[in-house]
1. If you keep only loop residues by DSSP, which chymotrypsin sites (Phe, Trp or Tyr not before Pro) in the range 63-117 have at most 11 other Cβ atoms within 10 Å of their Cβ?
2. Determine the share of the range 66-144's accessible area contributed by carbon and sulfur atoms, expressed in whole percent, with a 1.4 angstrom probe.
3. For the range 241-252, in order, what is each residue's ³J(HN,Hα) by Karplus, 6.51 cos²θ - 1.76 cosθ + 1.60 with θ = phi - 60°, in whole Hz (x at glycine and Pro)?
4. Sum up the charges of everything whose Cβ sits under 11 Å from the Cβ of Val95, counting Lys and Arg as +1 and Asp and Glu as -1, but leave Val95 out.
5. How about the range 138-246: which GluC sites (Glu not before Pro) there lie in a loop by DSSP and see at most 16 other Cβ atoms within 10 Å?
6. Cα-Cα over 31 Å: which of Lys106/Lys128; Lys119/Lys206; Lys119/Lys232?
7. Please give the length that would be gained between Arg121 and Arg251 if that part of the chain were fully extended, namely 0.36 nm times their separation in residues minus their C-alpha to C-alpha distance (nm, one decimal).
8. Express as a percent, rounded to the nearest 5, the fraction of DSSP beta bridges in the chain (both residues included) that run antiparallel.
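The values are calculated or read from the model by the stated rules, or taken from the named source; none is laboratory data. Everything numeric in this text was worked out from a predicted model, so none of it was measured. Note: ideal-geometry Cβ built from the backbone for every residue, glycine included; neighbour counts use all protein chains shown. Surface accessibility is based on the protein's heavy atoms, side chains included, excluding ligands, DNA and RNA. Shrake-Rupley method; radii C 1.70, N 1.55, O 1.52, S 1.80 Å.
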Amino acid sequence: MRILCLACFILLVGCRQAFALQSMPVSTTSSCSLHAKVGVVAGWPPLTSVNEAGIAQGLDIDIARLVFEHANMCVEFVRLPSAARSFAQLTKGVVDVVLMVSYTFKRKQWGYFSIPYRKERMRLFSLKQQKQPVISLMSLLSSGATVGLSIGSYYGEEVKTLARNERFTGQFIGISTIQRRIELLNKQRVNFIIEDEIIGNYLSHKLSEKPIFGWAYPIHDNDVHFLLRKEKFNESHRLRINTAIETLRPRITAMVERYRQLQAPNEHK
């Protein structure tokens, strides 16, 4: 979720401005034992998006529907203003579940983690094919490259450590939306962007004026989880959600692979 606390974390959680959130249709049955609001960031197709009718859709939406229905829980999808606001909205009780959350120790204070429901693969994307393969992110930065990142997303310890290194000050650039990151890449304001492999391959074909190439170097391969609001979910609820994920894992794996195969990456080793 792709969803990091870089230097601007204080802006993400500390912001008190009220946002009007758009509610999505509710999955309802008379037998539901719990109703929960699931936060949706619209700008991450094909993982999470909102269509013209205001309906939440995408891979992680489909997985959430499947898991919570299996756990006998009804969900209402609530549109969030940005990924950066997800955790703040969870702690305020505006939503009860955040999708695609990478585990960090600090995030445990904001909610309960489900067991992992899928893996994400963060990759570099660029306009140019490099003559030499990427050996490490440090070597790339040492060559003077600039890298566009999502504000509010977690990219693993390598990026976290390098972003704190004074030697590379100014080479990691926080950019709020993938649309804007692709725009700045096309304008050569940044040399690389880092995206979830599925999102990057999908939107680079949809939005870019020029060919964008994905790179095999593994920036961050990790599990993603549902983050559950502590005041909403008790131990019994969490056990049912985790059991549903385990039971449905073969179906979830097949869903992820279908989404991955739908994209045709231009990947360079």
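1. In loop regions of the range 63-117 (DSSP not H, G, I, E or B), the sparsely surrounded chymotrypsin sites (Phe, Trp or Tyr not before Pro) are Phe105.
2. Carbon with sulfur: 53 percent of the solvent-accessible area.
3. Listing the rounded values in order: 5, 5, 5, 5, 4, 4, 5, 8, 3, x, 5, 5 Hz.
4. +4
5. Counting only loop positions with at most 16 other Cβ atoms within 10 Å, the GluC sites (Glu not before Pro) in the range 138-246 are Glu209, Glu231.
6. Lys106/Lys128
7. Between Arg121 and Arg251, full extension yields an extra 44.9 nm.
8. Bridges in the chain are about 60 percent antiparallel.
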